[in-house]
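Participant: Sharing a structure below in structure tokens format, with a few things to ask.
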Amino acid sequence: MPSRLLFNQETIDAGRPKLSNYHAGYERWKKDPEGFWADAAQEIDWFTPWEKVFDPDEGVYGRWFTGALCNTCYNAIDRHADGERGDQPALIFDSPVTDTKQSFSFKDMKVEVSALAAVLQDSGVGKGDRVIIYMPMVPEAVFAMLACARIGAVHSVVFGGFASAELATRIDDAMPKVIISASCGIEPSRVVAYKPLLDDAIKIARYKPDRCVILQREVQPCNLTEGRDIDYAEAVASARATGREVPCLPVAAIDPLYILYTSGTTGRPKGVVRDNGSHMVALKWSMWNEYGVKPGEVFWAASDVGWVVGHSYIVYAPLLHGCTTVLFEGKPVGTPDAGTFWRVIAEHGVVALFTAPTALRAIKAQDPEGVLSQAYDLSKFRTLFLAGERADPDTVKWAEGQIKVPVIDHWWQTETGSPISHNPVGLGMLSVKYGSSGVPMPGYDVRILDDAGHEVEAGTLGNVAIKLPLPPACLPTLWNADQRFREAYLVEYPGYYKTADAGYLDADGLLFIMARTDDIINVAGHRLSTGGMEEVIAEHRDVAECAVIGIADEMKGQVPCGFLVLNAGVARTPAEVEAEIVALVRKKIGPVASFKIAVTVKRLPKTRSGKILRGTMQSIANNKEWKLPPTIDDPAILDEIAAALSQHGIGAWGPSNGV
């Protein structure tokens with residue numbers, strides 16, 4: 001059995017200052033980064049201690065906790081199941097699309113995970129082997145991730161319902177011995193058959209898995225392929241009936257825990273690698289210090305296990321911290337209405353919710369007065385966290401007015417695994433300005449650089465970069481692609497990690513992320529942030545959500561085009577609202593923005609995780625070749641965008657209306 005190492009808490013407190021507030025904590029990290037993370041690592045149980053906290057000579061830019069042996073599943077499940085939290089709910093499954101609710105204690109989780117681990121072992125999976133998980137939002141998806149971690153296998157979760165061709169590229173890159181999947185996924189208005197997509201992907205892929213473990217869902221079962229497919233329920237029940245226990249295998253702290261392919265990639269996908277040891281340290285530390293959640297409390301990340309938020313804050317961080325985590329199979333609206341989030345919070349006693357700004361905008365569009373939230377007891381609810389896309393101030397203010405709790409925007413990436421900037425609740429919340437994603441967290445030395453790699457003055461828009469080395473939980477490399485990792489992230493600004501986001505640090509040290517660098521448009525030689533324009537548009541009382549893209553213009557190079565989705569029940573004509581939007585942007589940003597194009601649409605194209613597909617919209621508007629994004633929620637929306645542009649005679653359908 002592993003143990004906590006080196007010092008007890010009293011020794012730590014006596015030897016170093018407590019993290020009493022953000023500024024003290026951040027300065028302590030800057031002065032002694034290795035000591036800082038060594039102290040944080042006391043919260044993790046280790047089989048063998050590390051030889052070095054950080055080894056700069058290991059890997060591409062260095063590795064954390066080299067020489068240590070650990071197991072992520074043990075820390076997330078076993079130590080709680082075998083301790084005082086054994087009977088505490090670890091996982092609450094809430095599925096309005098199937099009218100199902102289940103609760104699993106830590107003891108229950110240990111039984112389920114161990115049984116599935118036995119099935120994987122019997123299928124030939126061992127340490128270092130890859131397992132692709134292609135699942136809907138069901139408990140078995142969580143069990144599968146933890147079962148892989150238990151035996152030292154490397155999981156790669158592919159978003160459920162991903163197109164066959166995209167799944168095939170991930171099969172060829174990860175070369176999984178086993179794929180765990182389900183017969184179908186369930187959306188509010190349709191059932192998505194996963195098995196045909198999986199079968200087609202295996203046919204397309206050059207590499208063939210040995211086995212597929214298939215969860216049969218009652219809504220739509222499937223036929224199993226003889227000689228290859230295993231019935232999940234039957235196999236797990238058999239392993240459980242024998243009482244077979246699979247122990248947690250010690251693995252190196254620097255061994256990979258999972259591969260997560262970044263969304264929207266084409267050609268060979270980009271597999272972000274996450275290790276075992278530093279991942280646990282950073283995520284466990286973040287649950288209290290950043291999110292202000294205590295062990296035993298209920299935390300809900302309304303994301304999907306196919307994305308990094310689901311990996312970090314549905315599965316690993318809450319369980320490592322001894323929290324109850326909520327797994328939600330539904331949508332913010334339509335399952336059954338715009339009050340479903342408030343129902344889940346009230347019913348399960350959620351103290352903190354983590355969701356995307358687009359979810360709030362969808363709720364606001366259908367319930368702008370916040371009537372539905374008033375029907376639920378939200379007395380246990382303390383904090384609402386937003387990430388995944390820039391949170392415009394209007395949406396934040398609306399949410400604050402409806403639910404009466406702090407609404408905190410924070411920023412991070414698939415590559416980092418946990419927040420880069422935050423308004424840390426546990427360390428002590430700061431006074432943060434609307435539009436800011438907070439302050440850099442310990443571990444992150446954030447700099448704003450010009451295109452030549454020089455630092456710019458406070459308040460100046462530039463390229464957001466992070467001084468190396470990256471802290472625990474960040475990717476050490478890409479799967480089997482060290483050189484590609486260097487070229488994608490490290491070469492352009494030597495000594496820094498390139499985030500590919502644009503933003504600025506103000507005079508108070510607050511970070512503002514304005515857009516992806518691809519979304520910065522050049523209007524007559526002026527670099528302008530589409531995010532800044534969206535912030536202004538979102539202030540309009542009739543706008544539910546918006547997106548701004550750049551359209552090619554012969555005179556100015558690019559001019560902005562704003563797409564508007566209006567709130568339900570707006571009585572005035574779209575043309576009236578559009579004219580007001582143009583005037584508002586020109587007033588707030590000025591004529592330099594050359595903003596004269598506003599187009600009302602019924603909805604914006606998004607990924608299933610809620611990110612607006614601005615790049616695809618821009619390609620359509622500029623009549624450039626584009627590929628259907630594999631994660632798009634509804635492809636029909638792209639036709640609606642094209643039709644709206646055509647009706648306005650702009651972009652590819654006519655001359656731009658630049659000034």
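Here, each number is a calculation from the coordinates, and none is a lab measurement. Note that the structure is a prediction, hence the values are computed from the model and not measured. All Cβ positions, even for glycine, are placed from backbone atoms using ideal geometry, and neighbour counts span all protein chains on display.
Participant: Is region 524-653 best put as rounded, prolate or oblate by its Cα gyration tensor, with a ≥ b ≥ c the root eigenvalues, rounded for a/c under 1.5, and otherwise prolate when a/b is larger than b/c, oblate when not?
Facilitator: oblate
Participant: What percent antiparallel are the DSSP beta bridges of region 524-653, to the nearest 5?
Facilitator: Percentage antiparallel, nearest 5: 75.
Participant: For region 248-260, in order, what is each residue's ³J(HN,Hα) by Karplus, 6.51 cos²θ - 1.76 cosθ + 1.60 with θ = phi - 60°, in whole Hz (x at glycine and Pro)?
Facilitator: 6, 7, x, 10, 5, 4, 8, 5, x, 8, 8, 10, 10
Participant: Measure off 7 Å from each Cα along the Cα-to-Cβ vector at Glu234 and Glu34, then give the distance between these two points in nanometres to one decimal.
Facilitator: Once both label points are built, they end up 5.6 nm from each other.
Participant: Still on this model: Could you give me the ³J(HN,Hα) list for region 627-633, computed from phi with Karplus coefficients 6.51, -1.76, 1.60 and θ = phi - 60°, whole Hz, x at Gly and Pro?
Facilitator: 10, 4, x, x, 9, 5, 6
Participant: Using a Cα-Cα cut-off of under 27 Å, which lysines could be cross-linked to Lys31, ignoring same-chain neighbours fewer than 8 residues away?
Facilitator: Result set, ordered by chain and number: Lys18, Lys52, Lys284, Lys467, Lys498.
Participant: Sticking with this structure for a sec: For the residue pair Glu580 and Asp451, what label-to-label distance in nm results when each label sits 7 Å from Cα along the Cα-to-beta-carbon direction?
Facilitator: Calculated label separation equals 3.8 nm.
Participant: Among the lysines, which have Cα under 24 Å from the Cα of Lys177 when same-chain residues fewer than 8 positions away are ignored?
Facilitator: Leaving aside lysines fewer than 8 places away in the same chain, those within reach of Lys177 are Lys110, Lys127, Lys195, Lys203, Lys208, Lys270.
Participant: State, as an integer percentage, the relative contact order of the chain based on alpha-carbon contacts under 8 Å between residues 6 or more apart.
Facilitator: Reported as a whole number, the value is 11 percent.
Participant: Treating only the Cβ of Lys, Arg, Asp and Glu as charged (+1, +1, -1, -1), what charge dipole size does the chain show about its Cα centre? Round to the nearest 20 debye.
Facilitator: 260
Participant: Separate question: Quick one: what do you get for the chain if you divide its Cα Rg by 2.2 N^0.38 Å?
Facilitator: On the way: Rg = 24.3 Å, N = 659, 2.2 N^0.38 = 25.9 Å.
Rg over 2.2 N^0.38 Å, computed on Cα atoms: 0.94.
Participant: Given the peptides 484-495, 500-511, arrange them by the average over their residues of other C-beta atoms within 10 Å, most packed first. Walk me through the intermediate numbers first.
Facilitator: Working: 484-495: 15.6, 500-511: 18.7.
Result, highest mean Cβ count within 10 Å first: 500-511, 484-495.
Participant: For the chain, give me the percentage of DSSP beta bridges that are antiparallel, rounded to the nearest 5 percent.
Facilitator: Details: 59 of 98 bridges.
Bridges in the chain are about 60 percent antiparallel.
Participant: If the cut-off is 29 Å between C-alpha atoms, which lysines fall inside it for Lys397, apart from same-chain ones fewer than 8 positions away?
Facilitator: Once the sequence-local lysines are set aside, what remains near Lys397 is Lys294, Lys331, Lys364, Lys380, Lys433, Lys587, Lys588, Lys596, Lys602, Lys606, Lys611.
Participant: For Arg130, enumerate residues with amide H under 5 Å from its amide H, sequence gap 5+ or separate chain, H modeled in the peptide plane.
Facilitator: HN-HN under 5 Å from Arg130: Val154, Lys177.
Participant: Per Stokes-Einstein, at 4 °C and 1.567 mPa s, what whole-number D in µm² s⁻¹ belongs to region 42-90, with the Kirkwood radius over Cα pairs as the hydrodynamic radius? Working shown, then result.
Facilitator: Values: Rh = 12.5 Å.
Using the Kirkwood radius from Cα pairs, D works out to 104 µm²/s.
Participant: A further question on this structure: Taking the chain as the reference, fit the longest principal axis to its C-alpha atoms, fit the long axis of helix 636-648 to the helix C-alpha atoms, and give the angle between the two in degrees, 0 to 90, nearest 10.
Facilitator: Here the helix axis deviates by roughly 10 degrees.
Participant: At 0.36 nm per residue, minus the direct Cα-Cα distance, what do Thr460 and Ser103 gain on full extension? Give it in nm, one decimal, please.
Facilitator: Length difference between fully extended and current span is 123.6 nm.
Participant: Taking the Cα centre of region 372-525 as origin, sum charge times position over the Cβ atoms of Lys and Arg (+1) and Asp and Glu (-1), and report the length of that vector in debye to the nearest 20.
Facilitator: 520
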